[in-house]
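Enquirer: This is the structure I want to talk about, given as structure tokens.
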Amino acid sequence: MSADAPTILATSGGIGAGQRTRFTFTPLTDFAVELSGVSGRAPRICLLATAMGDDKAVLHYLTEAAQSRGFVASHVSLFPMPSVEDITAHLLEQDVVWVFGGSVAGLLAMWRLHGVDRALRTVWQAGVVLTGISAGSICWHAGGTTDSFGPRLEPVTNGLAFVPYANGVHYDSEAQRRPLLHELVGAGVIPAAYATDDGAGLLYRGTDFIEAVAENADAGAYFVEAHDRTAMETALDVRRL
């Protein structure tokens, strides 16, 4: 099964601390699986932790979380070499590709080096649902704000641009995120942006924004655009999952 249109769920959530496992997948990830249209069998989910340098412990914990949720889990790692011979073919076998957070700058560099960017575009267009948290949200957009270079946030402007917007993540929990996103959008460094509080996600069908969703009662989502070189922010309606 595959989604009936190219589908991205870009989030500041979808994973949390587990009780018997280090991580547990949460309702935003369940929603991504639902969007894939899979039925009658266990969902297949491919985990990408490139932004964490393919840390083996992280991949173990993510796989453990996926298995405890009843998913058939696999991963593609790029260090010290790609873990599968044909990345596109492997990803086309999945229902969902789930991307962990970390260094979005490092993620983008490694993906382009190994052609993962092209593979992801192919599988996105084929209906495999793309989702993830933080760096795994920004990557699908034209750019956003990142701590890839240090504790002071900086712009990233070379996202995959599967959707023609910028992205702000952790909007309510990291103090630098909102003002820097406003500054960058207002100055035209990045295009108009969609942003999410922790626990919220953005659903895109093709290149169109469809709705904001959240896995908790409080998370908000926002649209930031430039007017006369000043950023204007609009709170979006959020559907609670």
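Enquirer: Under a point-charge model restricted to the Cβ atoms of Lys and Arg (+1) and Asp and Glu (-1), what is the dipole moment magnitude of the stretch 183-241 relative to its Cα centre, in debye to the nearest 20?
Expert: 160 debye
Enquirer: Which distance in nm do the two modelled labels at THR122 and ALA89 give, with both placed 7 Å along the Cα-to-Cβ direction?
Expert: It works out to 1.0 nm between the two label points.
Enquirer: I've got another one for you. As a test of understanding, state the convex hull volume per residue of the stretch 105-191 from its alpha carbons, in Å³.
Expert: Convex hull of Cα atoms, per residue: 86 Å³.
Enquirer: Report ³J(HN,Hα) in whole Hz for each residue of the stretch 94-106, in order, from the Karplus equation J = 6.51 cos²θ - 1.76 cosθ + 1.60 where θ = phi - 60°; Gly and Pro get x.
Expert: 9, 8, 9, 10, 10, 10, 7, x, x, 8, 5, 5, x
Enquirer: Here is a further query. Which of ALA17, GLY206, PRO82 sits closest to the plus end of the dipole of the chain, meaning its Cα is farthest towards the positive end, when Lys and Arg get +1 and Asp and Glu get -1 on the C-beta?
Expert: The listed residue farthest towards the positive side: PRO82.
Enquirer: Compute for the stretch 170-241: radius of gyration divided by Kirkwood radius, i.e. Rg/Rh, restricted to C-alpha atoms, rounded to two decimals.
Expert: Dividing the radius of gyration by the Kirkwood radius yields 0.98.
Enquirer: Compute log10 of I(q)/I(0) for the stretch 1-142 with the Debye formula, placing one identical point scatterer on every Cα and leaving out solvent, at q = 0.10, 0.11, 0.14 Å⁻¹, to two decimals.
Expert: -0.28, -0.34, -0.56
Enquirer: Put +1 on the Cβ of every Lys and Arg and -1 on every Asp and Glu Cβ in the chain; which of VAL238, TYR171, SER148 then has its Cα farthest towards the positive end of the dipole?
Expert: Looking along the dipole axis, the top candidate is SER148.
Enquirer: By DSSP, what percent of the beta bridges with both residues in the stretch 82-169 are antiparallel, rounded to the nearest 5?
Expert: 35 percent
Enquirer: Counting DSSP beta bridges in the chain, what percent are antiparallel, to the nearest 5?
Expert: Working: 27 of 51 bridges.
Of those bridges, close to 55 percent are antiparallel.
Enquirer: Also, quick follow-up: Give, as a single signed number, the net charge of other residues whose beta carbon lies under 13 Å from the beta carbon of PHE79, with Lys and Arg counted +1 and Asp and Glu -1.
Expert: Neighbour charge sum, excluding PHE79 itself: -1.
Enquirer: Could you report the accessible area of VAL99 in Å², rounded to 10, computed with a 1.4 Å probe on the protein chains as they sit in the structure?
Expert: About 0 Å², rounded to the nearest 10.
Enquirer: Okay, moving on. For ASP86, what accessible surface area do you get with a 1.4 Å probe? Give it in Å², rounded to 10.
Expert: ASP86 has an accessible surface of roughly 80 Å² with all protein chains in place.
Enquirer: How would THR122, THR196 line up by accessible area, probe 1.4 Å, largest first? Mind showing how you got there, number by number?
Expert: Numbers: THR122 65, THR196 0 Å².
Ranking THR122, THR196 by accessible area, largest first, yields THR122, THR196.
Enquirer: Moving on. Go ahead and estimate [θ] at 222 nm for the chain from helices alone: -39,500 (n - 2.57) per DSSP H run with n ≥ 4, summed, over the residue count, rounded to 500.
Expert: One gets -7500 deg cm²/dmol as the mean residue ellipticity at 222 nm.
Enquirer: What distance in nm separates the two pseudo spin-label positions at ARG20 and GLU233, each 7 Å out from Cα along the beta-carbon direction?
Expert: 4.1 nm
Enquirer: Considering only protein heavy atoms, what per residue accessible area in square angstrom results for the chain with a 1.4 angstrom probe? Don't jump to the answer; show the numbers that get you there.
Expert: Working: 10180 Å² over 241 residues.
Accessible surface, normalised per residue, equals 42 Å².
Enquirer: Return a whole-number percent for the relative contact order of the chain, with Cα pairs under 8 Å and 6 or more residues apart as the contact set.
Expert: 21 percent
Enquirer: Stretch ALA42-GLU154 to full length: gain in nm at 0.36 nm per residue minus the Cα-Cα span?
Expert: 36.3 nm
Enquirer: Explain nothing, just the number: dipole magnitude of the chain about its Cα centre with +1 on each Lys and Arg Cβ and -1 on each Asp and Glu Cβ, in debye rounded to the nearest 20.
Expert: In debye, rounded to 20, the chain gives about 400.
Enquirer: Continuing with this model, one more query. Can you give the local net charge around ALA231? Use residues other than it whose beta-carbon is closer than 11 angstrom to its beta-carbon, Lys and Arg +1, Asp and Glu -1.
Expert: Numbers: positive: ARG178, ARG229; negative: GLU183, GLU225, ASP228, GLU233.
Spelling it out: positives minus negatives among the neighbours equals -2.
Enquirer: Please work out how much accessible surface LEU236 shows to a 1.4 Å probe, ignoring ligands, DNA and RNA, in Å² rounded to 10.
Expert: The value for LEU236 is about 40 Å².
Enquirer: With point charges of +1 on the Cβ of Lys and Arg and -1 on the Cβ of Asp and Glu, referenced to the Cα centre of the stretch 97-210, which listed residue (GLY186, VAL123, GLY136) lies farthest in the positive direction of the dipole?
Expert: Positive-most Cα among the choices belongs to VAL123.
Enquirer: Report the charge-dipole magnitude of the stretch 1-62 in Debye, nearest 20, computed about the Cα centre from +1 at each Lys and Arg Cβ and -1 at each Asp and Glu Cβ.
Expert: Numbers: 5 positive and 5 negative charges, 53 e Å.
That gives the stretch 1-62 a dipole magnitude of about 260 debye.
Enquirer: Using a 1.4 Å probe on the protein heavy atoms, what percent of the accessible area of the stretch 120-241 belongs to carbon and sulfur?
Expert: 48 percent
Enquirer: Still on this model: Find the Cα radius of gyration of the chain, compare it with 2.2 N^0.38 Å by division, and give the number to two decimals.
Expert: Against the compact-globule rule of thumb, the ratio is 0.94.
The values are calculated or read from the model by the stated rules, or taken from the named source; none is laboratory data. Please read these numbers as outputs of a predicted model, since none were measured by experiment. Cβ atoms come from the backbone with ideal geometry, glycine included; neighbour counts cover every protein chain shown. Note: accessible area is taken over every heavy atom of the protein model, side chains too, but ligands, DNA and RNA are not part of it. Shrake-Rupley method; radii C 1.70, N 1.55, O 1.52, S 1.80 Å.
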